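The values are calculated or read from the model by the stated rules, or taken from the named source; none is laboratory data. This is a predicted model, so every value here is computed, not measured. In this analysis, Cβ positions are derived from the backbone assuming ideal geometry, glycine residues included, and neighbour counts consider all displayed protein chains.
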Amino acid sequence: MHGLCDALKGDGIDVQFEQNIVDKGHKASELLERTQSGEIDGCYFSSSHLAARAPNLGLFDQHFVIPSRRHAWALLDGAWQKKMMSCARKRCATRAVS
């Protein structure tokens, strides 16, 4: 990830990568709020942090609900994925980057 950040720097762009905000005294659950407020520009975290606002995302916290990786990828690459991303965008004011 640090290599990607270094590659993106230049022409007035500054990219900083923080491996773990918990090490700096922040809670992982603060990431969404800090991103929405503009304090940070982007983040990566578990979908469980969004499940309170977009309950359908709670599916990813359920063990053994999806029987195989093949089935999971079929869901994530199909119409269900579009529905989930739309729900998260509306309810969490976020946008997934893939």
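Only one of LEU75, LEU32, LEU50, LEU57 is at pLDDT 80 or above and either surrounded by 15 or more Cβ atoms within 10 Å (Cβ to Cβ) or more than 16 Å from the chain's Cα centre (by Cα) (or both); which? Show your work before the answer.
Working: LEU75 fails: at pLDDT 80 or above; LEU50 fails: at pLDDT 80 or above; LEU57 fails: at pLDDT 80 or above.
So the residue among LEU75, LEU32, LEU50, LEU57 that is at pLDDT 80 or above and either surrounded by 15 or more Cβ atoms within 10 Å (Cβ to Cβ) or more than 16 Å from the chain's Cα centre (by Cα) (or both) is LEU32.
For the stretch 10-24, which residues satisfy the criterion of being surrounded by 10 or more Cβ atoms within 10 Å (Cβ to Cβ) and assigned to a helix (DSSP H, G or I)? Walk me through it before giving the result.
Taking the stretch 10-24 as the starting set, the residues that turn out to be surrounded by 10 or more Cβ atoms within 10 Å (Cβ to Cβ) are 15, 17-18, 21-22.
ILE21, VAL22, listed by residue number.
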